[in-house]
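Reading through the structure tokens given below for one structure.
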Amino acid sequence: MSIDTAWKFASNTFRIVTENNTALAGEILRDHAPKLALAAMTWIDLITVNNETSGLLSMWDAAEQVEINSEAAQLSATSAVDDKLAAMTRKPDLDTNSPLEQWDATIRANVAYQGTTYTLLLPHGRETLTGGTIPERIEALEGFVTRLLAQAAKPALVTLGGVVNTFYQALKTLHVAQQDRINEYTAARTELATLNARVAKQMFRNTGQAMMVWCDEEDNFRIEGLFDMALIREEAPALPAQATLPTWVPGTRTLSIAALPDRATRLEAWRIGPGGAPELLAVGESGATSVVIPAMYIFTPGSLYQLFVKGRNGRGSGEASPSVSWTA
């Protein structure tokens, strides 16, 4: 008799359905954990796996929050770099030259246009500083500064070198910060992917333990009752609809809406503070229409915050709701 390698109980269903889908893994875990905890109050043989699952859920919540916030931080840092580069060619108004135009005008006022020195400083004209990738443009700016500062016989160009250097140093600082945020996001995604595999393994272990505890029952509703089978059996739904404008109660640190958005199973609470980067603060309970922001998140007195919510399901987060403005 040959072994049926397609036997369903030999495959970790959780690993299969959550592969490359951390949002779904998180939804299954959050739905399962309280159900298992309730069962463990009656069935002592579930206590060990319940403790393991509870600890894993805490690790998951922390890692997922780091991943989401690090993504927001790297997007914000990338936007800052893009804006700084755009500022080089952006006119403050219709009657004022952009910084690059001003730099070019200063050079032309001191040396012949497209002459030897001009070509040395800007070998491809203004495109010397506007072409290529971001690292290439930063490198081009650094070389431009070096060449300007070397024009000792022309003090105006040395002075211009100082001006351009200030711009370059600011851009370089933003770019270093961007790379740091990208690296942090990459590390956070790797950590969550590692936890994803652990979640699938734990769910499979929990199922096996439940089968041992309730092995005498032929049609075991208790095992299925530990999970939201729709999450496991069906394809992930579409992303949730946009949430409505929330109500903010500072005294209880609560964001709430009248009803969950279509297709959402829970809410996320977010804020944008003085730093300008969106920050995930908390994920609500399944089916809850309000989220309490933990005390660990400080609101600086006198600072303006934008508070909003997003619906979440097994596929991910929906569009942000309109925001509530609040000065702490």
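All of the numbers you see were taken from the coordinates with simple rules; none came from a lab. The shown structure was predicted, so the numbers you read here are calculated from the model rather than taken from an experiment. Backbone-built Cβ (ideal geometry, glycine too); neighbour counts: all protein chains shown.
Candidates Trp270, Val213, Gly55 compared by Cα position along the dipole of the chain: farthest toward the positive end lies Trp270, with charges placed on Cβ. Charging the Cβ of each Asp and Glu at -1 and of each Lys and Arg at +1, and nothing else, the dipole of the chain about its Cα centre rounds to 1020 debye.
Provide the FRET efficiency to the nearest 0.05 for the Thr146-Lys91 pair, computing r from the beta carbons and using R0 = 25 Å.
Working: r = 27 Å, r/R0 = 1.08.
The pair Thr146/Lys91 has a calculated efficiency of 0.40.
The fraction of all Cα pairs in the chain landing in successive 20 Å bins from 0 to the largest distance is 24, 39, 25, 11, 1, given as whole percents. The label-point distance for Arg233 and Trp326, in a model that sets each label 7 Å from Cα toward Cβ, rounds to 4.1 nm. Restricting region 48-149 to chymotrypsin sites (Phe, Trp or Tyr not before Pro) that sit in a DSSP loop and have at most 16 other Cβ atoms within 10 Å of their own Cβ leaves Tyr113.
Checking every one of the trypsin sites (Lys or Arg not before Pro) in region 83-138 against DSSP loop status and a limit of 14 other Cβ atoms within 10 Å picks out Arg90.
How high is the FRET efficiency between Glu285 and Trp214 when r is their beta carbon distance and R₀ equals 30 Å, given to the nearest 0.05? Write out the running numbers ahead of the final one.
On the way: r = 26 Å, r/R0 = 0.88.
About 0.70, to the nearest 0.05.
When the chain is treated as a Gaussian network with alpha carbon springs shorter than 10 Å, the biggest mean-square fluctuation among Lys91, Lys172, Lys201 belongs to Lys91.
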